[in-house]
Amino acid sequence: MFARSTFGRALALAAVTATVAAAGARAQQLPPAKQVVDRYMEVTGAKALAGRFQGRHMVTEMSMPAMGMTMTMHLYQARPNKVLVKMEMPGMGSFSSGFDGTTAWSSNPMQGPRVLEGRELAEVLRQAEFDSFDFAKVYDRMETVGERTVAGQPCWNVRMSSTQGALQGMQADYCFDKESGLAVATTMKQVSQMGEVQVESVMSDYQSFDGLKMPTRTVTTMAGQEMVSTVKSVSHEPVDAALFALPPEVQALVGQRRN
């Protein structure tokens with residue numbers, strides 16, 4: 001009986017040891033997040049072009065096939081962190097948001113003008129970062145957590161998070177194609193009028209704009225709705241600083257807060 005019991009414990013211990021060893025071997029196969037992200041910076045040209053551009057104007061066509069709706073979005077950016085987004089939604093009116101370096105805001109027909117705080121502020125700040133493709137400027141923690149398959153291609157899944165400042169609490173999973181090194185998918189939670197929802201995006205059709213490779217097609221799924229974004233043009237000419245000035249209605253809100 002003792003010999004049988006001892007043999008059983010030995011088998012159990014061997015099984016546990018083998019499982020731990022297999023898990024350790026698998027973890028060792030995952031490349032460091034920094035290595036994956038550095039390769040992305042290399043293949044997109046972001047590393048070589050760091051600091052070269054001072055402004056950006058991107059025009060994107062956005063369509064929601066299920067609703068038969070198509071709209072055009074204009075994104076203006078200026079280094080280091082000014083942004084203005086303008087969009088006209090058929091039958092609903094103008095939507096805009098921005099950050100002038102001090103105040104983040106939004107304005108739309110449903111909610112009117114607002115000064116943003118909390119997670120909404122963090123999301124605008126992430127968008128406002130001119131070099132947002134340099135993930136280390138947005139996220140201070142990165143870890144390769146596994147592998148995925150996107151559009152039939154294997155990719156490394158890197159989890160990124162911000163633990164400090166206004167971006168604290170932001171987290172996203174980015175998947176980088178093993179062969180090309182390009183970012184092909186992302187999953188994150190985003191604040192919306194329905195509360196916090198999970199947003200999944202698949203990026204493809206990379207093209208070079210002034211030497212910087214960017215995806216020109218993004219399919220985003222949020223709350224069961226699918227949106228297809230197609231980049232129509234990208235300019236890196238300087239953007240007029242006056243564009244980023246707070247709209248009068250937002251200036252009035254800021255004045256009320258100070259009084």
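The values are calculated or read from the model by the stated rules, or taken from the named source; none is laboratory data. For clarity, every value in this text was computed on a predicted model and none was experimentally measured. Note: ideal-geometry Cβ built from the backbone for every residue, glycine included; neighbour counts use all protein chains shown.
In the stretch 105-118, the condition of being of a type in the set (A, V, I, L, M, F, W, C), surrounded by fewer than 17 Cβ atoms within 10 Å (Cβ to Cβ) and closer than 24 Å to Leu212 by Cα is met by no residue. For Met203, are the conditions met, namely being free of Cβ contacts under 8 Å to residues at least 60 places away in the same chain, crowded, with 17+ Cβ neighbours inside 10 Å, within 30 Å of Val145 (Cβ to Cβ) and touching a helix residue (DSSP H, G or I) at 6+ places or on another chain (Cβ under 7 Å)? In short, no. Residues in the stretch 52-71 that are surrounded by fewer than 17 Cβ atoms within 10 Å (Cβ to Cβ) and either at pLDDT 90 or above or of a type in the set (S, T, N, Q) (or both): Arg52, Gln54, Val59, Glu61, Ser63, Thr70, Met71. With respect to the stated conditions, Gln225 fails to be touching a helix residue (DSSP H, G or I) at 6+ places or on another chain (Cβ under 7 Å) and under 30 Å from Pro31 (Cβ atoms).
Could you please find all residues in the stretch 233-251 being in a helix (DSSP H, G or I) and free of Cβ contacts under 8 Å to residues at least 40 places away in the same chain? Once the filter is applied, which keeps residues that are in a helix (DSSP H, G or I) and free of Cβ contacts under 8 Å to residues at least 40 places away in the same chain, the stretch 233-251 yields Ala242, Pro248, Gln251. The set of residues in the stretch 100-135 being touching a strand residue (DSSP E or B) at 6+ places or on another chain (Cβ under 8 Å), farther than 30 Å from Arg39 by Cα, in contact (Cβ under 8 Å) with a residue 24 or more places away in the chain and not in a helix (DSSP H, G or I) consists of Asp100, Gly101, Thr103, Ala104, Trp105, Ser107, Pro113, Arg114, Val115. When you go through Thr220, Thr230 one by one, which is the residue that is part of a strand (DSSP E or B), within 18 Å of Ser132 (Cβ to Cβ) and among the β-branched types (Val, Ile, Thr)? Result of the check over Thr220, Thr230: Thr220. Within the stretch 151-194, restricting attention to residues that are among the β-branched types (Val, Ile, Thr) and crowded, with 17+ Cβ neighbours inside 10 Å, which residue is farthest from Tyr40 (Cα to Cα)? Taking the candidates together, the pick is Thr187.
Considering (1) closer than 17 Å to Val138 by Cβ; (2) polar (S, T, N, Q); (3) more than 20 Å from the chain's Cα centre (by Cα), the lone condition that Asn81 does not fulfil carries the number (3).
The residue that is surrounded by the fewest Cβ atoms within 10 Å (Cβ to Cβ), counting only those in the stretch 227-238 that are at pLDDT 95 or above and either aliphatic (A, V, I, L, M) or touching an Asp or Glu at 6+ places or on another chain (Cβ under 6 Å) (or both), is Lys232. Annotation for the stretch 144-154: no member residue is charged (D, E, K, R), modelled with pLDDT of 85 or more and under 14 Å from the mean Cα position of the chain (by Cα).
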